[in-house]
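Every number here is computed from the coordinates shown, using simple stated rules; none is lab data. Just so it is clear, the model here is predicted, and its values are computed rather than measured. Note that we place each Cβ from the backbone using ideal geometry, even for glycine, and neighbour counts take in every protein chain shown.
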Amino acid sequence: LWDDIDYNNLTKEGNTEFANGKKPIKLIQRMLSLATSKDDLVVDFFAGSGSTAHAVMQQNAEDGGDRKFILVQIPEQCDEQSDARKSGLNTIADISKERIRRAGKQVLDGGCHKDWDRDVGFRVLKIDTSNMKEVFYTPDAVSQDLLSDQINNIREDRTSEDLLFQVLLDWGVDLALPITQETIAGKTVYFVDGNALAACFEEGVSEDFVKLLAQREPLRVVFRDAGFASDSVKINVEQIFKLMSPSTEVKCI
């Protein structure tokens with residue numbers, strides 16, 4: 001019987017206005033200390049106000065661990081009259097995100113284990129439809145007036161970041177890896193985990209640009225299928241990498 005954990009004043013934990021469903025940080029920390037190793041992944045499918053994330057960061061700060069967390073929360077609307085809604089937090093997911101931001105700062109301001117890397121960062125991903133356009137026609141039903149719509153197979157409202165995370169999922173790359181953004185020959189290029197993956201989704205990709213990117217020798221590289229300046233550039237991309245960076249895996253979407 002864990003009767004030494006205080007269940008009172010839970011609404012104050014995390015410094016966010018959320019009256020219901022908050023779980024004691026000390027309770028979750030005790031479960032983490034008993035059931036996890038220092039480098040485990042903790043999953044909470046009902047995130048609520050983000051108590052689990054708060055507890056994971058606090059436990060890492062206390063024992064020098066490197067636990068990571070995945071929280072899942074639907075964007076359920078807050079009551080119109082709630083304090084959360086009045087403070088600009090419209091959904092339960094909004095409360096989760098704000099709680100984690102504030103909790104991270106609070107943990108950093110407290111005492112930290114000498115071996116802890118002080119990482120309180122997190123990423124927010126939302127489920128959406130595919131980045132690719134749906135194909136409604138069989139090949140023999142595509143008329144000439146429909147061909148122009150087949151040139152670009154990516155939905156118009158999708159950003160480069162949308163495409164990047166699709167590629168990470170397709171290749172099974174950890175979504176928590178560090179991502180940097182660089183400009184090479186006027187084109188925006190994303191590098192994931194240093195040189196593990198390079199991605200450019202801009203248009204007008206030339207052979208000169210491809211050669212500059214190949215000099216970086218990434219393990220994987222991905223382009224937009226309709227992003228090449230000409231058909232000849234698209235055809236020569238794999239040959240350029242075979243000559244300059246033969247270990248690079250090349251992909252187009």
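Quick notes on this structure:
- Nearest 10 degrees, 0 to 90: helix 92-109 Cα axis against the chain principal axis: 70 degrees
- Longest segment of the chain lacking GluC sites (Glu not before Pro) that sit in a DSSP loop with at most 16 other Cβ atoms within 10 Å: 1-75
- Antiparallel %, DSSP beta bridges [both residues in the chain], to 5: 50 percent
- Cα centre as origin, Lys/Arg/Asp/Glu Cβ charges: the chain dipole, Debye: 600 debye
- Rounded if a/c under 1.5, otherwise prolate or oblate - segment 154-252, Cα gyration tensor axes: oblate
- Ignoring the sites themselves, the chain has its longest run without trypsin sites (Lys or Arg not before Pro) in a DSSP loop having at most 10 other Cβ atoms within 10 Å at 127-253.
- Degrees between helix 231-244 axis and first principal axis of the chain (Cα, 0 to 90, nearest 10): 70 degrees
- Label point distance in nm, LYS251-SER160, each placed 7 Å from Cα along Cα→Cβ: 1.8 nm
- Estimated [θ] at 222 nm from DSSP helical runs (n ≥ 4, -39500 (n - 2.57)) normalised by residues in the chain, nearest 500: -9500 deg cm²/dmol
- When the charge dipole of the chain is built from unit charges on Cβ atoms (+1 for Lys and Arg, -1 for Asp and Glu) and taken about the Cα centre, the candidate among GLY194, ILE95, GLY65 whose Cα reaches farthest toward its positive end is GLY65.
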